[in-house]
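As structure tokens, the structure follows; a few thoughts come after it.
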Amino acid sequence: MIDFRTHPSFDRHEHVEFVNDEAVGLAAIIAVHSTALGPAAGGCRIWRYEREEDALTDVLRLSRGMTYKNAMAELPMGGGKAVIYKMGADRTACMERFGEAVEAMGGRYITAEDVGASVSDMRAIARRTSYVAGIPKEHGQAGGDPSPWTSLGVHLAIKALLGGSVSGRTIAVQGVGAVGLGLCRLLREEGARLIVADVNAANLERARALGAEVAPAERIHAVAADVFSPNALGAGLNRRTIPELGARIVCGAANNQLETEDDGERLRARGVTYAPDYVVNAGGIISVSAEYLGESEAAVDARVRAIPDRLWRVLAMAETEGLLPHQAADRIVRERIAAAKRA
Ligand code: NAD
């Protein structure tokens with residue numbers, strides 16, 4: 001087992017749990033970054049990492065990101081995340097075993113879908129724990145796949161950044177999985193032109209069926225567009241891609257889009273408006289939180305529709321205080337968490 005406390009991405013996380021069960025072939029890590037604002041909520045990513053170290057890096061960064069995202073969205077939730085990096089042949093047994101690990105944390109961590117996980121995975125987890133969301137509920141109740149809410153939040157943010165309409169505008173969408181494809185649908189319905197890229201041929205076909213043009217995956221950031229929307233994996237904005245960006249606005253759902261702190265400055269130097277990832281991609285966790293708290297779908301809708309206002313507040317603060325957008329967002333969050341700790 002790696003010593004997570006000396007890991008460069010360790011940020012005084014409250015708890016890191018390594019789950020290894022050779023009998024079912026499961027290896028997972030659950031990270032609780034902060035419970036200052038409530039139980040640590042954040043999805044479970046299922047991904048093949050080359051090394052356990054890479055899985056740890058991801059879960060430490062992602063769980064910290066959830067603290068910031070949940071606080072920014074004004075949810076009564078802290079930040080946590082899980083990654084499953086080895087899955088045995090019996091997926092259901094693995095998910096049930098993962099559910100037991102979540103249950104053993106006694107409610108400090110609440111799981112849901114993330115990249116690679118599905119509603120049926122959440123159902124298997126729910127056989128072993130009640131600390132799980134992302135499962136369809138009765139009509140009118142919040143619940144189910146959170147990704148359509150994430151797509152909606154990103155769509156509304158893009159629309160706001162373009163002055164209220166996407167009609168006739170070109171949006172380059174990187175990654176047309178659950179969130180990216182949902183986003184493409186919403187953009188298409190309102191008359192946007194789409195250029196998309198993905199490494200998954202079946203997902204690309206679905207986007208093509210919506211009328212999207214296709215660009216090579218390694219060039220999508222560089223195509224001429226009004227907005228570049230990253231909806232694949234993180235670290236897509238970096239020293240290599242930023243000088244080649246073909247759009248003046250970046251707004252998408254992928255978590256941890258900036259590879260390093262310096263990339264925020266690189267974006268500004270290039271005259272690119274960056275919508276901080278965790279400000280605009282909160283739709284899914286807003287749904288997860290409402291499901292866990294037994295709230296209505298109408299409450300989720302209202303909170304997701306508040307995302308553009310929140311984004312404007314962040315961008316305005318960045319402007320007046322001479323900060324980068326992600327620094328302004330971080331400052332708002334840190335003040336909120338400090339106030340909660342004082343209270
Ligand atoms: P997904 O797995 O359904 O889709 C991701 C897509 O990206 C897949 O189609 C995959 O093939 C594609 N992809 C992977 N590498 C690529 C590359 N190099 N170039 C182009 N495409 C590539 O995942 P999702 O649920 O749609 O999530 C997308 C992103 O949004 C992730 O970063 C996720 O963490 C983040 N996010 C998702 C939600 C949610 O509600 N699902 C909420 C917040 C943030």
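Hey, could you check the range 91-120 for residues that are away from the ligand (no atom under 16 Å from the Cβ) and assigned to a loop (DSSP other than H, G, I, E, B) and say which is nearest to Gly234 (Cα to Cα)? Filtering the range 91-120 for residues that are away from the ligand (no atom under 16 Å from the Cβ) and assigned to a loop (DSSP other than H, G, I, E, B), the one nearest to Gly234 (Cα to Cα) comes out as Arg108.
Does the range 180-188 contain any residue that is over 29 Å from Tyr109 (Cβ atoms) and within 12 Å of the ligand (Cβ to nearest atom)? Scanning the range 180-188 turns up at least one residue that is over 29 Å from Tyr109 (Cβ atoms) and within 12 Å of the ligand (Cβ to nearest atom).
Looking at Gly80, Gly134, just one residue is buried (at least 24 other Cβ atoms within 10 Å of the Cβ), under 12 Å from Ile30 (Cβ atoms) and of a type in the set (Gly, Ala, Ser), and that residue is Gly80. Of the residues Thr92, Thr67, the single one that is surrounded by fewer than 18 Cβ atoms within 10 Å (Cβ to Cβ) and β-branched (Val, Ile, Thr) is Thr92. Restricting to the range 218-262, count the residues that are of a type in the set (Asp, Glu) and within 16 Å of the ligand (Cβ to nearest atom). The qualifying residues number 3.
Taken over the range 32-84, the criterion of being within 14 Å of the ligand (Cβ to nearest atom), in a helix (DSSP H, G or I) and within 24 Å of Asn20 (Cβ to Cβ) is satisfied by Asp58, Val59, Arg61, Leu62, Ser63, Arg64, Met66. In the condition set (1) assigned to a loop (DSSP other than H, G, I, E, B); (2) closer than 23 Å to Leu62 by Cα, Arg128 is compliant with all but (2). Quick one: is Ala299 over 17 Å from the mean Cα position of the chain (by Cα), surrounded by fewer than 22 Cβ atoms within 10 Å (Cβ to Cβ) and without any contact (Cβ under 8 Å) to a residue 60 or more places away in the chain? The answer is no for Ala299. Among the residues of the range 132-172, the ones that are within 16 Å of the ligand (Cβ to nearest atom) and either in contact with a Cys (Cβ under 6 Å, 6 or more places away or on another chain) or in a loop (DSSP other than H, G, I, E, B) (or both) come to 11 in all. Among the candidates Ile249, Ile242, Ile286, the residue that is modelled with pLDDT of 95 or more and outside the structural domain of Gly175 (by TED's automatic domain parsing) is uniquely Ile286.
Here Asp3 meets the list (1) away from the ligand (no atom under 15 Å from the Cβ); (2) at pLDDT 95 or above; (3) not hydrophobic (A, V, I, L, M, F, W, C) almost entirely, failing just condition (2).
The values are calculated or read from the model by the stated rules, or taken from the named source; none is laboratory data. Computed from a predicted structure; not experimentally measured. Because the Cβ atoms are built from the backbone with ideal geometry, glycine has one as well, and the counts that use them run over all protein chains shown.
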